[in-house]
């Protein structure tokens with residue numbers, strides 16, 4: 001699951017890396033990328049229920065999940081209502097829900113992140129933001145801002161790695177460490193020199209973390 005407004009396309013560097021050894025899938029949430037959505041933007045529960053349906057229909061329940069940013073909130077919410085579908089997780093640069101600053105300040109953090117990312121990511125993001133339309137983008141951001149993700153972390157009992165780039169201006173070190181500490185089976189990893197979208201900019205490092213959890217998948 002992706003950061004706000006993004007499609008599966010910015011996961012391609014990580015997917016290529018993992019695809020050399022594992023079966024990999026990337027799904028766009030309803031209303032983003034190639035997946036049509038309802039007229040009104042879904043809230044976090046609506047997005048996580050859509051993920052649950054996709055996991056059930058494709059038989060991918062229990063797989064390692066690797067969300068980024070807003071996608072982390074969706075996966076954490078999945079643990080509340082469909083824990084049987086969860087496998088190990090790698091939470092990349094998790095967004096902060098109700099502990100986040102105002103939407104205006106969050107926008108400022110997104111702007112600050114841009115020059116720290118690879119130029120190829122900015123091309124992908126520009127197109128994806130146009131596709132999902134500003135109204136859906138803002139409405140989804142508000143839903144994410146109202147989500148009490150910190151109260152749900154105890155439900156995510158599978159092995160979990162919270163990974164953050166050392167130059168990430170969006171997910172703070174304090175929040176990422178605190179999130180890992182609240183998870184029943186969580187640990188924290190920091191990747192030096194990278195920013196928010198580690199799945200795009202640091203695929204080697206993230207692939208290693210994901211592969212380290214494959215042995216934890218039941219069956």
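How about the stretch 50-78: which of its residues are more than 18 Å from residue 8 (Cα to Cα) and crowded, with 23+ Cβ neighbours inside 10 Å?
76, 77, 78
Going through the stretch 116-126 one residue at a time, which ones are touching a helix residue (DSSP H, G or I) at 6+ places or on another chain (Cβ under 8 Å) and either assigned to a helix (DSSP H, G or I) or free of Cβ contacts under 8 Å to residues at least 40 places away in the same chain (or both)? Give the steps one after another, and end with the answer.
If we filter the stretch 116-126 for residues that are touching a helix residue (DSSP H, G or I) at 6+ places or on another chain (Cβ under 8 Å), which is where we start, we get 117-118, 120-122, 124-125.
Hits for the stretch 116-126 are 120, 121, 122, 124, 125.
Would you check which residues across the stretch 63-88 are farther than 21 Å from residue 163 by Cβ and in contact with a helix residue (DSSP H, G or I) (Cβ under 9 Å, 6 or more places away or on another chain) and list them? Give the steps one after another, and end with the answer.
Narrowing the stretch 63-88 to residues farther than 21 Å from residue 163 by Cβ: 80-85.
Within the stretch 63-88, 80, 81, 82, 83, 85 qualify.
May I ask you to list the residues in the stretch 183-216 that are crowded, with 16+ Cβ neighbours inside 10 Å and part of a helix (DSSP H, G or I)?
Across the stretch 183-216, the qualifying residues are 198, 199, 200, 201, 203, 205, 206, 207, 209, 210, 213.
Would it be correct to say that residue 47 is surrounded by 23 or more Cβ atoms within 10 Å (Cβ to Cβ) and over 27 Å from residue 191 (Cα atoms)?
Values: surrounded by 23 or more Cβ atoms within 10 Å (Cβ to Cβ): yes; over 27 Å from residue 191 (Cα atoms): yes.
Criteria met by residue 47.
Is there a residue being outside any loop (DSSP other than H, G, I, E, B), in contact with a helix residue (DSSP H, G or I) (Cβ under 7 Å, 6 or more places away or on another chain), in contact (Cβ under 8 Å) with a residue 40 or more places away in the chain and over 22 Å from residue 77 (Cβ atoms) anywhere in the stretch 135-146?
no
Values quoted throughout were computed directly from the atomic coordinates according to the rules given, and no laboratory measurement underlies them. Here the structure is a predicted model, which is why all the values come from computation and not from measurement. Here Cβ is always computed from backbone atoms with ideal geometry, including for glycine, and neighbour counts include all displayed protein chains.
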